[in-house]
1. Restricting the search to the stretch A:96-116, which residues are surrounded by fewer than 19 Cβ atoms within 10 Å (Cβ to Cβ) and either of a type in the set (A, V, I, L, M) or closer than 13 Å to A:ASN36 by Cα (or both)?
2. Could you tell me how many of the residues in the stretch A:105-142 are touching a strand residue (DSSP E or B) at 6+ places or on another chain (Cβ under 9 Å) and assigned to a strand (DSSP E or B)?
3. Looking at the stretch B:27-40, which of its residues are crowded, with 21+ Cβ neighbours inside 10 Å and more than 7 Å from ligand 1 (Cβ to nearest atom)?
4. Name the residues in the stretch B:162-176 that are touching a residue at least 12 places away in the same chain (Cβ under 8 Å) and assigned to a helix (DSSP H, G or I), would you?
5. Contact list please: Cβ distance under 9 Å, first residue in the stretch B:127-142 and touching a residue at least 12 places away in the same chain (Cβ under 8 Å), second residue exposed (fewer than 13 other Cβ atoms within 10 Å of the Cβ) and among the hydrophobic types (A, V, I, L, M, F, W, C), pairs at least six apart or on different chains.
6. Does the stretch B:88-104 include one or more residues that are surrounded by fewer than 24 Cβ atoms within 10 Å (Cβ to Cβ) and within 16 Å of ligand 2 (Cβ to nearest atom)?
7. Of the residues B:ALA198, B:ALA221, B:ALA185, which is buried (at least 17 other Cβ atoms within 10 Å of the Cβ) and small (Gly, Ala, Ser)?
8. Using the structure shown, decide if B:VAL136 is within 16 Å of the chain's Cα centre (by Cα) and more than 16 Å from ligand 2 (Cβ to nearest atom).
Amino acid sequence: MTEIIQIIIDALSLGSLYALGALGIALIFGVMRLVNFAHGDTIAFCVFALLWPSIDAAAVVFAGHLPTVLLIPLILLIGAGLSVLSEIIVFRRFRKANPATMMIASFALGFVIRYFLLMLYSSRPKSINLWESLGESIGFLGARVPLLQIVTVAITLGILGLLTLFLKRSRYGLEMRAAAENFTMARMLGVRANRVIMLAFALSGMLAATTGLILVTQTGTVDIQMGASVMLIAFIATVIGGLGSLTGAVTAGYLIGAASVLMQVVLPLDARPFRDAFVYGAVIVTLIWRPNGLFVARSAKQRV
Amino acid sequence: MTLLTVDGISVRYGQLTALRRASISVKEGESLFVTGPNGAGKSTLLKAIAGVVPIREGAITFAGTAVAGKAPEDIARLGFSMVPEGRDVFSGLTIDENLRVGVGMRADKDAAIRDLETVYSVFPMLAERRHRPAGVLSGGQQQMLVIGRALMAKPKLIAIDEPSLGLAPKVIDDVYATLLKLRDAQGLTLLIVEQSSARAMLTGGRMVLMRSGEVVLEGDARELVRGDALKKAYFGYGDH
Ligand SMILES: Nc1ncnc2c1ncn2[C@@H]1O[C@H](COP(=O)(O)OP(=O)(O)O)[C@@H](O)[C@H]1O
Ligand SMILES: [Mg+2]
């Protein structure tokens, strides 16, 4: 029984990470039809911000020592800021370009961010300890689980709740949903294109920051590659969920998290190192079964 | 007073010239009926005014402001409300949400709430389903919804592209009856685009005929529909 609880918590916490990543991609795709591959590098950038203003090759945590009440808003702000800047400096110029061009631009931007970090900090992963107390295990329904997993799941559910409230109850949320469904029509009703898109980027950047903070607390390392691995699975989750569907992205994020954890448990020992092959195999089967994803997003009328 | 002046505008889609120095004008409180065969450039004319497609030459003035080159949202904010061909309801949003999208640009949010109730009283079948997704509505109900949505933006002018598209004759009559009722009760200015000129008998006012991207005939709507100059012009001046 306790073993099952442990598996469920593992699946939920891994799934939360993927869901947050997928949501960051799906939000921007919704309003811009852009798959933003720079999202992973935005995550890494936020993690490296913990070291500011030090650029020492060894990890000298500076910003990371700020009290939590300051640190979290600061990192969220950095994520939002970088993301909004990406839109203003880069993506805005590609708004009328075709999706492939925009995607390439996002790849390029991702590399620019990554090599900028590489230049400053070198490629060696650095270990840092953030919120060490979260590493402790606590009793949970008879099982002992790391506090961080519980916190990760709780924070993710909280974010999902807030985001749902924002989208369903606020004026900007309404404008975003209208724009995601039919951007031109929304504009003809006075919805300001730039504001909606910048808002989507800001939210996505804050999701990147959250993902980064969870990752760095989990792994205890700061690494240039750390966003990229989450990004890949998050991207897959948005495709499986149905590009443009937020519910789909979140659901698929949790499904992939659950699949990974389950395979780790049920696969024979010899096969476990190849777990990812099985996960991606399941992805292929899902896409053959439902080429447009689990949740078909409503219309994808032209942007502009 | 002239509310909208379109002065010699041209629009091209790649090699294809969709509008060739077209001009129309609409006075405050009147209704202008724009007709013409499929492909004449009627929808393009509305899209150009709305700022959705760029113009290559000419000028557009709406409510005293030169609007050519402005963003669609800025033109909407001047009071130009568009009901596009095919209606474009937000099918995933509820009916209530559809109606409220355009309220964001209004300063008078309290009046907007009263207007919402007015729209519901004009369209009771929308009120009954206000929290259902708009995708569940029939074509006729969707047409009513987008008219209501345009009204909620508190426009100076409503431009409607093919309101009768895909609707049964009885439903088309309802749509027009509602439009005319609104026009007479609220002093709305209407710009109606329709492939068939038949309904111009109902709206009255002025009518223009477009062909191959040009405005080829203009006159009193009822006189034109009764006479045969329109038929001739519609099918071409005897050019075979
Ligand atoms: N987005 C577009 N791209 C290319 N050609 C278009 C586009 N929209 C319309 N056209 C062409 O422009 C001409 C005018 O179209 P339109 O304005 O829709 O006419 P109408 O509304 O009178 O039927 C047509 O020949 C049509 O094929
Ligand atoms: Mg048309």
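1. Step one: list which residues in the stretch A:96-116 are surrounded by fewer than 19 Cβ atoms within 10 Å (Cβ to Cβ), which gives A:96-101, A:103-104, A:107-108, A:111-112, A:115-116.
Once the filter is applied, which keeps residues that are surrounded by fewer than 19 Cβ atoms within 10 Å (Cβ to Cβ) and either of a type in the set (A, V, I, L, M) or closer than 13 Å to A:ASN36 by Cα (or both), the stretch A:96-116 yields A:ALA97, A:PRO99, A:ALA100, A:THR101, A:MET103, A:ILE104, A:PHE107, A:ALA108, A:PHE111, A:VAL112.
2. Step one: filter the stretch A:105-142 for residues touching a strand residue (DSSP E or B) at 6+ places or on another chain (Cβ under 9 Å), giving A:121, A:125-128, A:134-139.
Those left that are additionally assigned to a strand (DSSP E or B): A:126-127, A:137-139.
Qualifying residue count, the stretch A:105-142: 5.
3. Here is the first cut: in the stretch B:27-40, the residues crowded, with 21+ Cβ neighbours inside 10 Å are B:31-36, B:40.
B:SER31, B:LEU32, B:PHE33, B:VAL34, B:THR35, listed by residue number.
4. Filtering the stretch B:162-176 for residues touching a residue at least 12 places away in the same chain (Cβ under 8 Å) gives B:162-168, B:171-172, B:174-176.
B:VAL171, B:ILE172, B:ASP174, B:VAL175, B:TYR176, listed by residue number.
5. B:ARG129/B:VAL136; B:GLY139/B:ALA168; B:GLY140/B:ALA168
6. Yes.
7. Numbers: B:ALA198 fails: buried (at least 17 other Cβ atoms within 10 Å of the Cβ); B:ALA185 fails: buried (at least 17 other Cβ atoms within 10 Å of the Cβ).
Just one listed residue meets the conditions, B:ALA221.
8. On the way: within 16 Å of the chain's Cα centre (by Cα): no; more than 16 Å from ligand 2 (Cβ to nearest atom): yes.
Against the criterion (within 16 Å of the chain's Cα centre (by Cα) and more than 16 Å from ligand 2 (Cβ to nearest atom)), B:VAL136 does not qualify.
The values are calculated or read from the model by the stated rules, or taken from the named source; none is laboratory data. Keep in mind that this is a model prediction, so the values were computed, not measured. All Cβ positions, even for glycine, are placed from backbone atoms using ideal geometry, and neighbour counts span all protein chains on display.
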